[in-house]
Each structure stands twice: as C-alpha cells, then as structure tokens.
1. Among the numbered conditions (1) near the ligand (Cβ under 7 Å from one of its atoms); (2) more than 15 Å from the chain's Cα centre (by Cα); (3) within 26 Å of Thr14 (Cα to Cα), tell me where Phe93 comes up short.
2. Could you list all residues from the stretch 24-56 that are touching a Gly at 6+ places or on another chain (Cβ under 9 Å) and among the acidic types (Asp, Glu)?
3. Do any residues in the stretch 151-170 that are more than 25 Å from Val34 (Cβ to Cβ) have Cβ atoms under 7 Å from those of residues that are open to solvent by 80 Å² or more (accessible area, probe 1.4 Å), where the two are at least six apart or on different chains, and which pairs are they?
4. If you scan the stretch 98-119, which residues turn out to be among the hydroxyl-bearing types (Ser, Thr, Tyr) and within 11 Å of the ligand (Cβ to nearest atom)?
5. Give the number of residues within the stretch 103-137 that are assigned to a strand (DSSP E or B) and either open to solvent by 30 Å² or more (accessible area, probe 1.4 Å) or closer than 17 Å to Pro165 by Cβ (or both).
6. Determine which single condition Asn74 fails, assuming it passes every other condition in (1) more than 16 Å from the chain's Cα centre (by Cα); (2) touching a residue at least 24 places away in the same chain (Cβ under 8 Å); (3) within 19 Å of Arg161 (Cα to Cα).
7. Of all the residues that make up the stretch 138-149, how many are open to solvent by less than 70 Å² (accessible area, probe 1.4 Å) and either over 15 Å from Leu33 (Cβ atoms) or touching a Gly at 6+ places or on another chain (Cβ under 6 Å) (or both)?
8. Just name the residue that is farthest from Ser86 (Cα to Cα) out of those in the stretch 1-47 that are more than 12 Å from the ligand (Cβ to nearest atom) and among the aromatic types (Phe, Trp, Tyr).
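The values are calculated or read from the model by the stated rules, or taken from the named source; none is laboratory data. In this text the structure is predicted, and so the values were computed from the model without any measurement. Virtual Cβ from ideal backbone geometry, glycine too; neighbours counted across all protein chains shown. Surface accessibility is based on the protein's heavy atoms, side chains included, excluding ligands, DNA and RNA. Shrake-Rupley method; radii C 1.70, N 1.55, O 1.52, S 1.80 Å.
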Amino acid sequence: MAGPAVDVSVRRATPDDLAFIMAAEREPAFERLVGRWPAERHLAAMGSQDFAYLIGAPRGGEPAGFAILRDLRNPSDNIGLQRIVSAAAGQGFGRPFLTAVIGWVFAETACHRFLLEVFTDNSRARHVYRSLGFVEEGLLREAVKRPDGTRADQVLMSLLRREWPGASAATA
Ligand SMILES: CC(C)(COP(=O)(O)OP(=O)(O)OC[C@H]1O[C@@H](n2cnc3c(N)ncnc32)[C@H](O)[C@@H]1OP(=O)(O)O)[C@@H](O)C(=O)NCCC(=O)NCCS
C-alpha cells in the first residue's frame, strides 16, 4: 500500500544537476533497468529542444529523482519518457514524482500521447505506470541488446491527454 503522498515539485534541470543525474542512473541496482549516458550525451540532450530534463524533489528538499523526456518537437505530439529514476526507489517517491512529470508534460507541452518502453521484467515500474493509467500497447520482442549480448523484451505503454484527469485540451 502507498504511504502518505509526498508533495513533489518538479523543475527543469540545469548542467549543475548532472552529477546527481549520473549518480542516480548508475545506482548498481538499476543496472539492468535504465540506460546510462556519458556526460557529453546528457549535456547535448539538455541543450537540445528535442529533450526536457526534469528534477523532482520533495517540496523544499533535495533532488530525489529525474526524468528525461524526448521528442518534444514530434509532429504528431507523441512525447517519450526516455528515462525516469527515483534515487531511493521503493520508498514512495516515484509515484508522486511521475504524477508531477505527467502533469508537467500535459501542462507545458502539446503532448497528445505520452509513451514509454519498459523492460518486461521491471515489474515495479510496470506497476507504477499502470497505476497511473498508462496502457500496455504491445510487446517489443528482443528490442534491446544488453552489454553481455543477450536481448531483452520491452513493453510499449502510453497515456493519452484525454485520459489524464485535469489535462486541458491540446494547445496546438
Ligand atoms: C520505477 C521507479 C521510478 C518508481 O519509483 P519508486 O520510488 O520505486 O515508486 P514508489 O515507491 O512510489 O511506488 C512503487 C510501487 O511499486 C510497488 N512495487 C514494489 N516492488 C514491486 C514489484 N517487484 N512488483 C510490482 N510492484 C512493486 C510498490 O508496492 C508501490 O506500489 P503502491 O504505491 O501501489 O503500493 C523506481 O522504482 C526506479 O527508479 N527504478 C529504477 C529505474 C527504473 O526502473 N526506471 C524505469 C525504467 S522504464
């Protein structure tokens, strides 16, 4: 069961957040769950209009999670969740953080379809996504090659603007 809801604030990241982002995505327990980019790739993405980096924190507190959004200029308004990490996973921060991220996406962009890919064996993330309304659309068979050469399946999920309570009509 979820504990008391954490009041989460989100803001755009700056290059000063890079150390936190890179440390969080390199948490050993997350090795098979999320990608890890070198600093140059993060900085290039941060400077691109195709990406948005969001930092989440308990209101008034230190950063506790980050999210990378991609395809912000997609002509069909399909925005992708490239990566989300809750630095202290499993302690009740990730769900309210993702809730705030979704709210940001539908308030700050013309996103129609917010989509993501998740490894089939990442049951915690799939649970959180489903619980916030993301719909599983299909299996991406053997979609990712791991560093050890094995391949892993992912599930494609999406949430439509009209499915998110409180989202305004699209602005574009
Ligand atoms: C996915 C992630 C962002 C979620 O954040 P979090 O802080 O762990 O989420 P919360 O603690 O708020 O909620 C976790 C939920 O999963 C449930 N859960 C925990 N372990 C689970 C498991 N093995 N299977 C299914 N559900 C599980 C918890 O009971 C809780 O559900 P509830 O709120 O209904 O009780 C976080 O786990 C994370 O950063 N994981 C590592 C990186 C990652 O997997 N990113 C996503 C890649 S697509």
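1. For Phe93, the exception is condition (2).
2. Of everything in the stretch 24-56, just one residue is touching a Gly at 6+ places or on another chain (Cβ under 9 Å) and among the acidic types (Asp, Glu), namely Glu25.
3. Here the result reads Arg161/His112; Ala170/His112, each pair linking the stretch 151-170 to a residue that is open to solvent by 80 Å² or more (accessible area, probe 1.4 Å).
4. Correct list: Thr99 only.
5. Final tally of qualifying residues: 6.
6. Condition (2) is where Asn74 drops out.
7. 3
8. Checking each candidate, the answer is Trp37.
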